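See below for the structure under consideration.
The values are calculated or read from the model by the stated rules, or taken from the named source; none is laboratory data. Note that the structure is predicted; figures quoted are calculated from it, not measured. Quick reminder, even Gly has a Cβ in these numbers, built from the backbone with ideal geometry, and neighbours come from all protein chains shown.
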Amino acid sequence: MRKDLHPLVMVGLVAGVTLFGRVLPTWTLSLATIAASNALIALGIVVLARTGNVSFGQGLFFAAGGYGVALIANAWGLTDAVAQVIIGAVCGGLLGLVIGPLIARYSGIFFGMLTLALSMVFYGALVKSTALGGSDGFNVGRPSLFGMTFTDTREADFMLYAVSIIVTGLAGIVATVLFRSEFGLTSLAVRENNLRVEYLGISANRVITINFVIAAIFAGASGAFALMAQRHIDPQFAYWTTSGEFVFVAVLAGNQSVAAVFVASMALELVRSFSNLYLPNTWQMVLGIFLLGIILFLPRGIGSLWIRRLHRGKDFPTTEPVVAKGIAQ
Amino acid sequence: MNFFLTIVLDGLIQASWLFIVALGLTLVFGVLKILNIAHGSFYALGAYVAATAVTMVAARGLPPAVGFVAMLLSVALIASAVGLLLERGLLKLFYGRDEVVLLLVTYAVFLILEDVTKLIWGVNPIYATQPYELFGNLEFAGLYYVGYDLVLIPISAAIGFSIWFGLNRTVMGKIVLAVIHNEEMSVSMGVRVNRVYAIAFAFGVLLASLAGALTAPKISMQPGLSSDVIILSFAIVVIGGLGSVEGAAVGAVLVGLARAASVHLLPQAELFMIYLIMAAVLMFRPEGLFRRETARRI
């Protein structure tokens, strides 16, 4: 995203993709909804990864958002899709505010392990809590939008698709603006050398915390989408393999482009559903080989496919891969 | 009092096999700086291979003792081969990349092995209980225990001691320690780091599968085994300090006791307890209980 695309153009793109949903077949709609929701949480991981920290426990905020929305929906009968996304984002963000400052002191593998540990604590607590349905979870009703209820499944699917595309698109625009901002560049500096950033009078911990909270907000909203799409929630939301998949999308995308996150997420969902269809017993193997291939042949992620081409021949320093801090640091 | 003793003994039995798994994980991390998510899959692989070996021996009408030996031998053979193959054939390609990228590579291996075990052994539970009766039942302070369970404790202590001895008192071990502490310096001193890498990884796989084989008679083998084990052994090595043998021992005992205590006192809180301990340890000692401080290289 070095070649500056104006935010208004991006708004147009999002609107275009949303309207495009009218002509898509139904199965693609729900696929795209899930892909957009996964892209949102993976975007959070990319935001955080720019400070050099990779969270292996985004499932924590994913589940927090999902459970928060589900509980409020069942208690107060709140079914509005937009309100649910906001509630999910608030739940994730609040939890992020609590955990972020504590966790910002850690880096590298310890950051990853601690986030994983916290999400597993949450998972353990959820499995234990019989009030929340234990390991079976519970169901919630169909979401509505601005007072409209959707009885036709096609219309309901499109509504969810539209909301998820618009929200994720807006998050993408926010992230792009953020990446270009002073704060976004400071985050990169924290990844390169947090000591020097501290010497310059900026609190590296605060930069990490803010990025962490942003990632948590995205994850919470994503949890709300997952809930609306499945209309069911269970502790699996917080399990480590769920978080692992989101990191998977983030690595697939690389950190050079926000658009790449959407492409990567869609690619993953397509690979998953096709291998589910044709190789039902070995889809995990397909996923694993796919991941190995990407890491091996596209170390900078899917985004490098078009970003590199854009700058070929120019004297332009390329950014490091999403999680490459360099082994000799 | 008896209740307390039950918890301690159950905890130690748990700790014994967890320690062997964690030892492999911590060794691989120490040498290769890879946090190996696929480690749990190697445990599962060991358990499945052991089950096959035991069943084959039992089908020929041989005594369970032969089955026990056959299962250990077959697992040792297959695990070393798989370990060497993976390290030379796959991991080698990714050296020099970031720790987190390597973590994802092992995650991919985990996904692949998960399906490979399903393809070979199917999704139905498999049992291999014959060696479990090998050591009879023992009475201990008024409690009855399966002898096999109690025998696991000295076995794992012996394995732990030989690893410690091998690392600290032999030339090969000293070389491995040198690579753990400073790889560049070891290279310049003429150590073949690549070979150390291959051996260490194969050894890590061997330990995981050995633990799988030793526990195979106690459990039912089914999909999902590997992700449960990796979660436990992660907690252990992080509590003890990544790359530390003593740490793995202390972490295993802590996790084993926590597991046994919660099983007896508060059954549903098992996973919760273990990760609470891990989070608490990380809060106060981010490097784990036993990790040496390392100088920061800027």
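Checking A:Gln236 against (1) surrounded by 21 or more Cβ atoms within 10 Å (Cβ to Cβ); (2) within 14 Å of another protein chain (Cβ to nearest Cβ), which test does it fail?
Failed condition: (1).
Just for region A:73-108: of the residues that are touching a Phe, Trp or Tyr at 6+ places or on another chain (Cβ under 9 Å) and over 22 Å from A:Ile210 (Cβ atoms), which one is surrounded by the most Cβ atoms within 10 Å (Cβ to Cβ)?
A:Gln84
Being surrounded by fewer than 24 Cβ atoms within 10 Å (Cβ to Cβ) and touching a residue at least 40 places away in the same chain (Cβ under 8 Å) is the filter; apply it to region A:220-232 and report the residue that is nearest to the other protein chains (Cβ to nearest Cβ).
A:His232
Residues in region B:251-258: is at least one farther than 29 Å from B:Ala51 by Cβ and either modelled with pLDDT of 90 or more or in a helix (DSSP H, G or I) (or both)?
The answer is yes, given that some residue of region B:251-258 is farther than 29 Å from B:Ala51 by Cβ and either modelled with pLDDT of 90 or more or in a helix (DSSP H, G or I) (or both).
Just checking, which of B:Tyr48, B:Tyr95, B:Tyr43 is touching a strand residue (DSSP E or B) at 6+ places or on another chain (Cβ under 8 Å) and not hydrophobic (A, V, I, L, M, F, W, C)?
B:Tyr48
Would you confirm whether any residue within region B:187-203 is within 25 Å of B:Asp10 (Cβ to Cβ) and touching a Leu at 6+ places or on another chain (Cβ under 8 Å)?
no
Yes/no per residue for (1) among the hydroxyl-bearing types (Ser, Thr, Tyr); (2) within 13 Å of chain A (Cβ to nearest Cβ); (3) over 16 Å from B:Tyr43 (Cβ atoms):
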site: B:Ser233; (1), (2), (3): yes, yes, no
site: B:Val237; (1), (2), (3): no, yes, no
site: B:Gly243; (1), (2), (3): no, yes, yes
site: B:Gly247; (1), (2), (3): no, no, yes
site: B:Ala279; (1), (2), (3): no, yes, yes
site: B:Arg285; (1), (2), (3): no, yes, yes
site: B:Gly288; (1), (2), (3): no, yes, yes
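Can you tell me which of (1) surrounded by fewer than 17 Cβ atoms within 10 Å (Cβ to Cβ); (2) outside any helix (DSSP H, G or I) is the one B:Leu242 doesn't meet?
(1)
Please state which one of B:Tyr148, B:Tyr144, B:Tyr127 is modelled with pLDDT under 90 and in contact with a strand residue (DSSP E or B) (Cβ under 7 Å, 6 or more places away or on another chain).
B:Tyr144
Yes or no: A:Ser304 touching a residue at least 24 places away in the same chain (Cβ under 8 Å), within 12 Å of the chain's Cα centre (by Cα) and closer than 23 Å to B:Leu103 by Cβ?
So A:Ser304 fails the test.
(1) within 14 Å of chain B (Cβ to nearest Cβ); (2) under 19 Å from A:Leu60 (Cα atoms); (3) in contact (Cβ under 8 Å) with a residue 40 or more places away in the chain: which one isn't true of A:Leu268, the others all being true?
Condition (2) is where A:Leu268 drops out.
Among the candidates A:Ile210, A:Ile217, single out the residue that is touching a Gly at 6+ places or on another chain (Cβ under 7 Å) and away from every other protein chain (no Cβ under 14 Å).
Details: A:Ile210 fails: touching a Gly at 6+ places or on another chain (Cβ under 7 Å).
Exactly one of A:Ile210, A:Ile217 is touching a Gly at 6+ places or on another chain (Cβ under 7 Å) and away from every other protein chain (no Cβ under 14 Å), namely A:Ile217.
Which one is farthest from the chain's Cα centre (by Cα) among residues in region A:164-178 that are of a type outside the set (A, V, I, L, M) and closer than 14 Å to A:Ala259 by Cβ?
The qualifying residue farthest from the chain's Cα centre (by Cα) is A:Thr176.
Can you name every residue in region B:249-270 that is more than 14 Å from chain A (Cβ to nearest Cβ), under 21 Å from B:Gly212 (Cα atoms) and not aliphatic (A, V, I, L, M)?
B:Gly256
Report, by residue number, each residue of region A:155-179 that is out of contact with any Lys or Arg (no Cβ under 8 Å at 6 or more places or on another chain), under 16 Å from A:Ala49 (Cα atoms) and either modelled with pLDDT under 80 or among the aromatic types (Phe, Trp, Tyr) (or both).
None; the set is empty.
Can you tell which of B:Gly83, B:Gly24, B:Gly11 is within 25 Å of B:Ala260 (Cα to Cα), of a type outside the set (A, V, I, L, M), buried (at least 24 other Cβ atoms within 10 Å of the Cβ) and in contact (Cβ under 8 Å) with a residue 60 or more places away in the chain?
After ruling out the rest, the residue left standing is B:Gly24.
Before we move on, is B:Ser74 in a helix (DSSP H, G or I), out of contact with any strand residue (DSSP E or B) (no Cβ under 7 Å at 6 or more places or on another chain) and either within 14 Å of another protein chain (Cβ to nearest Cβ) or within 30 Å of A:Gly244 (Cβ to Cβ) (or both)?
Values: in a helix (DSSP H, G or I): yes; out of contact with any strand residue (DSSP E or B) (no Cβ under 7 Å at 6 or more places or on another chain): yes; either within 14 Å of another protein chain (Cβ to nearest Cβ) or within 30 Å of A:Gly244 (Cβ to Cβ) (or both): no.
Spelling it out, it is not the case that B:Ser74 is in a helix (DSSP H, G or I), out of contact with any strand residue (DSSP E or B) (no Cβ under 7 Å at 6 or more places or on another chain) and either within 14 Å of another protein chain (Cβ to nearest Cβ) or within 30 Å of A:Gly244 (Cβ to Cβ) (or both).
Search region B:86-111 for residues being away from chain A (no Cβ under 11 Å) and basic (Lys, Arg), and hand back the single one that is surrounded by the most Cβ atoms within 10 Å (Cβ to Cβ).
The extreme case among them is B:Arg88.
Tell me which of these A:Ile72 doesn't satisfy, since it passes every other one: (1) within 14 Å of chain B (Cβ to nearest Cβ); (2) under 19 Å from A:Phe237 (Cβ atoms).
Evaluating A:Ile72 over (1) within 14 Å of chain B (Cβ to nearest Cβ); (2) under 19 Å from A:Phe237 (Cβ atoms) leaves (1) as the failure.
Being free of Cβ contacts under 8 Å to residues at least 40 places away in the same chain, within 14 Å of chain A (Cβ to nearest Cβ) and in a loop (DSSP other than H, G, I, E, B) is the filter here; which residues of region B:114-139 pass it?
Within region B:114-139, B:Gly122 is the sole residue that qualifies.
Can you pull out every residue in region B:78-110 that is charged (D, E, K, R) and part of a helix (DSSP H, G or I)?
So in region B:78-110, the residues charged (D, E, K, R) come out as B:87-88, B:92, B:97-99.
Residues satisfying the conditions are B:Glu87, B:Arg88, B:Lys92, B:Glu99.
Among (1) over 18 Å from B:Val69 (Cα atoms); (2) part of a helix (DSSP H, G or I), which single condition is B:Gly190 missing?
Among (1) over 18 Å from B:Val69 (Cα atoms); (2) part of a helix (DSSP H, G or I), the lone unmet condition for B:Gly190 is (2).
In region A:111-122, is there at least one residue being at the interface with chain B (Cβ under 7 Å from one of its Cβ atoms), modelled with pLDDT under 75 and part of a helix (DSSP H, G or I)? First the steps, then the outcome.
Let us first name the residues in region A:111-122 that are at the interface with chain B (Cβ under 7 Å from one of its Cβ atoms), namely A:112-114, A:117-118, A:120-121.
Within this subset, residues satisfying the condition of being modelled with pLDDT under 75 are none.
Checking region A:111-122: not a single residue is at the interface with chain B (Cβ under 7 Å from one of its Cβ atoms), modelled with pLDDT under 75 and part of a helix (DSSP H, G or I).
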